[in-house]
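Encoded as structure tokens, the structure appears first; notes follow it.
Any read-out appearing in this document is the output of simple, stated calculations on the displayed coordinates, not a laboratory observation. Because the structure is predicted, anything quoted here is derived from the model rather than measured. Neighbour counts run over all protein chains shown; Cβ positions are idealised from the backbone, glycine included.
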Amino acid sequence: MTDVLELASDLIRRRSTTPDDAGCQAVLAERLARAGFRCESLRYGDVDNLWATHGEGAPTLVFLGHTDVVPTGPVEAWSSDPFEPSIRDGYLYGRGAADMKGSVAAMVVALEAFVAAHPRHRGRVGLLLTSDEEGPDNLDGVRRVAGHFRAKGERIDWCVVGEPSSKERLGDLIRVGRRGSLSGTLTVRGVQGHVAYPEKARNPIHAFAPALAELAAERWDEGNQDFPPTSFQVSNLNAGTGANNVIPGTLCALINFRYSTASRADDLRARTEAILSRHGLDWQIQWSLSGEPFLTPPGGAVRDAVIAACRELCGISPEESTGGGTSDGRFIAPLGVEVVELGPVNATIHKVDECVAVADLEKLPSLYQAVCEKLLG
């Protein structure tokens, strides 16, 4: 069993469902300390964060990952115990195999090899891990660490995120940016009453319907060469008492914008609120900004290094994408950091029987080490 496969298997055995790290970071910190890294534990609330660095001065290249995983779902639906790594037909199975304990193991192995080969490399190389990436709020993970870095003047130049970016082959797609995510919890108030006497009530569903139609039809922006147009979606709509003879008194809608650099969160909020007000609704909305959009432009050093590594080691020119959801890169990018995401195939992430190809896992450390070589070697 190779070093990266053994380490990934060890991490999978640890039941680190968000925000429980289950000892993953302690194992990794011990290894990195033996390799000469300075390791700092940053614990906020129930969340563990690990910051490990090697070298001095600038520039700084950081690998970013998470040790937490999503729940398994029904264990009986899995072909094997989700927290007992299993190798079958060339794949390593287990919760977190692809998202992203495999990448974390590969990063650690790559960093060990790089500093062994280049003990006096230029600048710094580092690893930042959190146990709060898969949670709903991400308050005490990389978001909190980024604030800590900003306050202490911690400078980072480049960041490689180990999210599973590939589609069908390792290295066939990298993320060079991500859309922003703006969510809202909207409450529309009406007047509850008997369905037989609608004149004595005000149905918030009926009142909201024209506004919803306008929100859904609105063209928020045209996107740009790097991003598709902004998307508006209603993810949940709830009203009623459960009885078919009662007009509800309130309606609650959960809405979300996935938006590009062609829009700003403040403008999306203002335009949404203007539409609600124009329809004469009695409404209130609570907004939550999960992250602003970010883009590492063509010609960026880390973007070029990752592309070159994929070409050399995987024999493929990767698609350079800004699609998908969000990642912890959204908290690092505002520090002025160039961010690129490179990881294994994402076909099984969050699913029953999550897995990663053993061949891909064993190649991944070489990819990460090649990026180090190109930027700091």
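Per-structure values
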item: Solution diffusion estimate, µm²/s, Stokes-Einstein, region 252-377, Kirkwood Rh from C-alpha pairs, 10 °C, viscosity 1.306 mPa s; result: 88 µm²/s
item: Per-pair calculated FRET efficiency, R0 = 41 Å: Asp3 and Asn238 via Cβ, rounded to 0.05; result: 0.25
item: Over region 45-113, equivalent-ellipsoid semi-axes from the Cα gyration tensor in Å; result: 30, 16, 7
item: Rounded FRET efficiency, nearest 0.05, which uses the C-beta distance separating Arg34 from Ala347 and R0 of 35 Å; result: 0.50
item: Estimated distance in nm for a label pair at Arg122 and Val195, the labels positioned 7 Å out from Cα along Cα-to-Cβ; result: 7.3 nm
item: Over the chain, relative contact order from alpha-carbon pairs under 8 Å, at least 6 apart, %; result: 25 percent
item: Over region 185-328: Rg over Rh, Cα atoms, Kirkwood Rh; result: 1.18
item: Note, ³J(HN,Hα) from phi for region 25-40, Karplus 6.51, -1.76, 1.60, rounded to Hz, x at Gly and Pro; result: 5, 5, 4, 6, 5, 5, 5, 5, 4, 5, 8, x, 7, 8, 10, 10
item: FRET efficiency, Thr250 to Arg219 (Cβ-Cβ, R0 30 Å, nearest 0.05); result: 0.50
item: Alpha-carbon centroid distance for the pair region 236-273 / region 170-189, whole angstrom; result: 17 Å
item: Kirkwood hydrodynamic radius of region 122-202, Cα pairs, Å; result: 18.0 Å
item: Where the Cα pairs of region 7-74 fall when distances are cut into 10 Å bins, in %; result: 18, 47, 27, 7, 1
item: Values of log10 I(q)/I(0), in the order q = 0.22, 0.29, 0.30 Å⁻¹, for region 238-294 under a Debye, Cα-only, solvent-free model; result: -0.95, -1.26, -1.30
item: Point-to-point label distance, Ile285-Ala26, nm (Cα→Cβ direction, 7 Å offset); result: 4.6 nm
item: Under the Karplus curve 6.51 cos²θ - 1.76 cosθ + 1.60, θ = phi - 60°, whole-Hz ³J(HN,Hα) for region 306-316, x wherever Gly or Pro sits; result: 5, 4, 4, 5, 5, 5, 6, 9, 10, x, 8
item: Contour excess over end-to-end distance, with Cα ends at Ser79 and Ala308 and 0.36 nm allotted per residue; result: 78.7 nm
item: Average projected area [Cα convex hull, region 100-160], square nanometres; result: 5.1 nm²
item: Percentage, to the nearest whole number, of Cα pairs in region 181-269 over 16 Å apart; result: 60 percent
item: Over the chain, equivalent-ellipsoid semi-axes from the Cα gyration tensor in Å; result: 43, 24, 19
item: At q = 0.11 Å⁻¹, base-10 log of I(q)/I(0) for region 118-260 (Debye sum, equal scatterers on each alpha carbon); result: -0.71
